[in-house]
1. Amide H to amide H under 5 Å from residue 264: which residues, 5+ apart in sequence or cross-chain, H placed 1.01 Å off N in plane?
2. Order the peptides 104-113, 207-216 from the highest to the lowest mean number of other Cβ atoms within 10 Å of their residues.
3. Taking each pair of different alpha-carbon atoms in the stretch 108-230 once, compute 1/r for the pair, average those values, and report the inverse of that mean as the Kirkwood hydrodynamic radius in Å to one decimal.
4. Calculate, in nm to one decimal, what residue 137 and residue 105 gain on full extension: separation in residues at 0.36 nm each, minus their alpha carbon distance.
5. Would you pull out the residues with amide H under 5 Å of residue 78's amide H, same chain only if 5 or more places away, H placed 1.01 Å from N?
6. Give the residues of the stretch 165-195 whose amide nitrogen is closer than 17 Å to a point set 7 Å from the Cα of residue 84 in the direction of its Cβ.
7. Evaluate the distance, in nm, between pseudo-label points positioned 7 Å from the Cα of residue 51 and of residue 208 along their respective Cα→Cβ axes.
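Any read-out appearing in this document is the output of simple, stated calculations on the displayed coordinates, not a laboratory observation. As the structure is a computational prediction, the values presented were derived from the model and not from experiment. Cβ placement follows ideal geometry from the backbone for every residue including glycine, while neighbour counts extend to all protein chains displayed.
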Amino acid sequence: MSAVSRRSFLSTGLLWSARLPAAILAVQGGIAATATPVWAGGRPRRPRVYTRSDWKADPPRSKAEVLDRAPDRLVVHHTATANTGPADLDAAFRLSRSIQRYHMRRNGWEDIGEQFTVSRGGYVMEGRNRSLPAVEAGRHVLGAQAADHNDHTLGIETEGTYTSVLPPARQLSALTTLLAWLCDVYDLDPHEAVVGHRDLNRTACPGDRLYAYLPRLRDDVARRLGGRGSGRDEPPPPRLALSDGAYEGAALIGDLPYEHGPAVGPHDLTRRDRA
């Protein structure tokens, strides 16, 4: 199936399986309803994504720029924040609000920088405004998360600091589900598309342990896509040219929360995030 027809299929919405076991059917007011939507042909389901309205985002200074094309890289970050504390849904919402305040007030950006955030509790939040509708339409919201590469990359913040430990299992599971859905929507091979922030900019992000885990993460995503690309006999994903220079968000990990490396560079398409 071509990328265009795949997106057309996605835009029509979820198909309901006609062969679901009766145990997961419920009759409400005489109408049979299923508890969980599934993709036809066993395609990855869309994860539960909490919207900006859910986490009570502040209004952006302007609408995000939507590019009429898909990204070719899905960039894994970590937030350079503590690996302790509450991990419930309210904590996930507070995390997104804190990141947005930092990006808008301290960095002077138009909005939160990344397109998605995955909390330590395994909750997925929409980030930059218009991100979720753009993905569902097969398009790309221009973010502020990988300097000089924002026009072709989508960024995912993974809450925590993963220089010496791995994310919790539920967080890795949510990250894998999100990546599988994005690869399916955009028709991407995870062995080429899934990269770490350090593959694009000079930074330690997403931490040595999480970065070393990326090959397994790509394999796990590929399995959810029905084995798209074995990854075993293929070279590592192509490294793009590392960007260098003075950028917003270039502090070293550990200096400040939410500072995990260059986020906006002089060659990005928009200057709106360079206050």
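1. Here 147, 248 satisfy the definition.
2. 104-113, 207-216
3. 14.7
4. Net length gain for the segment: 8.5 nm.
5. Residues meeting the amide H criterion: 158.
6. 165-166, 168
7. 4.3
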